[in-house]
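The numbers here are math on the coordinates, done by the rules we state, and not lab data. For clarity, every value in this text was computed on a predicted model and none was experimentally measured. Because the Cβ atoms are built from the backbone with ideal geometry, glycine has one as well, and the counts that use them run over all protein chains shown.
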Amino acid sequence: MERIETTILRNLVFNEEYSRKVIPFIEPDYFEQRTERIIFKEITQFIVKYGAAITTEALRIELENRTDLSEMEIKESREITAGFNDAPVEKQWLLDTTEKWCRDRAIYLALMESVSIADGQDKEKNRDAIPSILSDALAVSFDNHIGHNYLEDYKERYEAYHKKEDRIPFDLEYFNKITKGGLPNKTLNVALAGTGVGKSLFMCHMASSVLLNGRNVLYITMEMAEEKIAERIDANLLNVPIQDLVDLPRTSFENKVTSLSKKTQGQLIIKEYPTASAHSGHFKALLNELALKKSFKPDIIFVDYLNICASSRYKGSANINSYTLVKSIAEELRGLAVEAEVPIVSATQTTRSGYGSSDVDLTDTSESFGLPATADLMFALISTEELEQLGQIMVKQLKNRYNDLSVFKRFIVGIDRAKMRLYDCEQTAQDDILDSGQEEEYNYEEQKPKKSFDGFKF
């Protein structure tokens, strides 16, 4: 019976289509025998140099010309290549089997490396590197998409233009208008506000809304305890002022939660990390753990909040400026959104000049102007004394990749801080703040959302 390694090497010689698909994903170390590793290297070097598949004759000549092979290894290489032929193999089976072999070998090698690190045998890496090593091995898979061919792939492009994109809708009219119906997957969305204005309230309200809509929600908090976030969501979903929750009889509380659970198919997981201790790598590990232990995959992730996350690229003691740090955190969160195929919602602080201001712009982004460059949607939550008295908060768009910024650049939403809720206001509240030149009517439902090339199947 032919070994899988031999099958792979044989098809790398006789099946050019196969070789071009799999070679980028195969590492020489995946082969256990040194002779097989050398044969693989000769095959790949030939393809890179000449742009064509190597013949068995050319392969044997190259092997015979090597001076680093022992007599035994030369004999082994002759025996291996002697069995090479162009016997047909089912294409998809071969690809699937090769992918599984690559993943199995990657995991095995990662485990061996992890043991070496744990035993202190690796002088260059410490134990902190082990989770990343194992994660990379588990993630091994064939991705043969090499880009969108503009002139050839026009049919797929046209279909994408007319395909309705899955979005996470808001329960607030104007947020749906400015996003054309909600937040798309693979995006980073950031609320900008001063302390106490309503960053966490906004995220708790939206998390509650998404849960009621039957979606799975993951809420990551680094500012408040899990219980405090849950308390805010209780106030919102149970329609009880937050200060009155403690006086709610147990039976009444249990009945309300039970009734709520019957209204939704979604789940809400709240996970607390110490301030500045967790980064996207921890969040990725959490997603894997939730999938394994609870079969839970979120439809949206909230991170409360961005500025107090850590960066996977820089240690806390690293001598880097705040611009670089915050920008890297934003980039890592957006990368996580792409990998997990969900929207991520987070928040950031305003600068001191932005506190209590009736008008906030991108220059009021605390610590990093690199954040707006990374976010897909960024908006300011603005509270003034007058608005607070009216039970309202102003929203100002700062960046929007989903829609024209001139479409409702500013708008008003109602706020009930006792019940941790936001709600739509009467149209008269909007009329008072319309910018001159701001488009007054926009029907997002009539628009056809366009999908990025990421969604194409080629």
> Hey, which lysines would be in cross-link range of Lys100, C-alpha to C-alpha under 16 Å, not counting anything within fewer than 8 residues on its own chain?
Replying inline: Lys21, Lys91
> For the chain, what relative contact order do you get, as a whole percent, if you take Cα pairs closer than 8 Å and at least 6 residues apart?
Replying inline: 17 percent
> Quick one: of the DSSP bridges fully inside the chain, what percent are antiparallel, nearest 5?
Replying inline: 40 percent
> In degrees, nearest 10, range 0 to 90: what is the angle between the Cα axis of helix 91-118 and the longest Cα principal axis of the chain?
Replying inline: 80 degrees
> Arranged by the count of other C-beta atoms within 10 angstrom, fewest first, what order do Arg232, Arg66 take?
Replying inline: Arg66, Arg232
> Okay, helix-only estimate at 222 nm for the chain: each DSSP H run of n ≥ 4 adds -39500 (n - 2.57), divide by all residues, round to 500 deg cm²/dmol; what do you get?
Replying inline: -13500 deg cm²/dmol
> Share of Cα-Cα pairs in the chain beyond 33 Å, in percent?
Replying inline: 51 percent
> On full extension of the chain, what length is gained from Ala129 through Ala58, given 0.36 nm per residue of separation minus the C-alpha to C-alpha distance?
Replying inline: 21.4 nm
>> Helix 280-294 against the longest principal axis of the chain: what's the angle in degrees, Cα atoms only, rounded to the nearest 10?
In response: 90 degrees
> Can you list residues whose amide H is under 5 Å from Ser346's amide H, if they're 5+ apart or on another chain and H is modeled 1.01 Å from N?
Replying inline: Asn189, Val190, Ala191, Val303
> Could you give the angle, 0 to 90 degrees to the nearest 10, between helix 4-14's Cα long axis and the longest principal axis of the Cα atoms of the chain?
Replying inline: 80 degrees
> Gain in length, Arg66 to Gln92, computed as 0.36 nm per residue apart minus the alpha-carbon separation, to one decimal in nm?
Replying inline: 5.9 nm
>> How large is the Kirkwood hydrodynamic radius of segment 4-138, counting all unique pairs of alpha carbons, in Å?
In response: 16.3 Å
> Which far-off residues, 5 or more places away or on another chain, put their amide H under 5 Å from the one on Val217, with H placed in the peptide plane?
Replying inline: Gln267, Leu268, Ile269, Asp299
>> Test of understanding: ordering Lys186, Lys262, Lys75 by Cβ neighbours within 10 Å, fewest first, what list do you get?
In response: Lys262, Lys75, Lys186
>> Could you work out the pair-distance distribution P(r) of segment 94-250 from its alpha-carbon pairs, with 10 angstrom bin width and percents rounded to whole numbers?
In response: 8, 20, 19, 23, 21, 8, 0
>> Quick check on the exposure proxy: order Lys293, Lys21 from fewest to most C-beta atoms within 10 angstrom.
In response: Lys293, Lys21
